[in-house]
Amino acid sequence: MRTSETFVRLALLGLSPFAGSCVAYRGVVVHEPRPVIVRPAPIPCPPPVVVAPVPCPPPVVVAPAPCPPPVVVLPAPTPPVVTRPWLSTPPPAAPALPCEIRPKSPHKGWIWCAGYYDWTGNRYVLVPGRWAAPPFRGARFEAGHWIRESRGWRWVEARFVR
């Protein structure tokens, strides 16, 4: 058998030594197109995303609130010592003292100095009550008052006594 006949018979049986490259039929060789393999174009990869670390906010430091300045309660200044003349006649009576509300003591051990009327030489002036630090141990407050002595009436300033 000749080679061309072998190819034709194989082609009629659907067998071809060239497997799809060509087919011979009645002496006519028909070339089949080669299969085109279409591969999809590769999808380009996006550029890599560089994620920078998010910087942490600075730490919040909560400082305690500043302390308010200490409250210093000083005793009321004592009135200046005034030499008052003696009275030969009894002084006029002082007005009635108004009701006083005694606030809480600002410090332990302080003494309440009750309000009183001070004699100015011609009239009375109200000195309101206050808290004061005792100048010595066992001190008590004595409001200003009149005393009778041999020479007449004398005004005694408010003071701390033993």
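The values are calculated or read from the model by the stated rules, or taken from the named source; none is laboratory data. Treat the numbers as computed from the prediction; the structure is a model and nothing was measured. Virtual Cβ from ideal backbone geometry, glycine too; neighbours counted across all protein chains shown.
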Do we find that ARG130 is of a type in the set (D, E, K, R), assigned by TED's automatic domain parsing to the domain that holds TRP86 and buried (at least 17 other Cβ atoms within 10 Å of the Cβ) in this structure? yes
Working carefully through the options PRO53, PRO57, PRO44, PRO70, find the one that is surrounded by fewer than 10 Cβ atoms within 10 Å (Cβ to Cβ), outside the structural domain of ARG151 (by TED's automatic domain parsing), at pLDDT below 70 and not hydroxyl-bearing (Ser, Thr, Tyr). PRO70
Give me a count of the residues in segment 138-158 that are without any contact (Cβ under 8 Å) to a residue 40 or more places away in the chain and within 26 Å of ILE101 (Cα to Cα). 9
I'd like to check something: does segment 131-154 contain any residue that is within 13 Å of LEU87 (Cα to Cα) and either touching a Ser or Thr at 6+ places or on another chain (Cβ under 7 Å) or modelled with pLDDT of 90 or more (or both)? yes
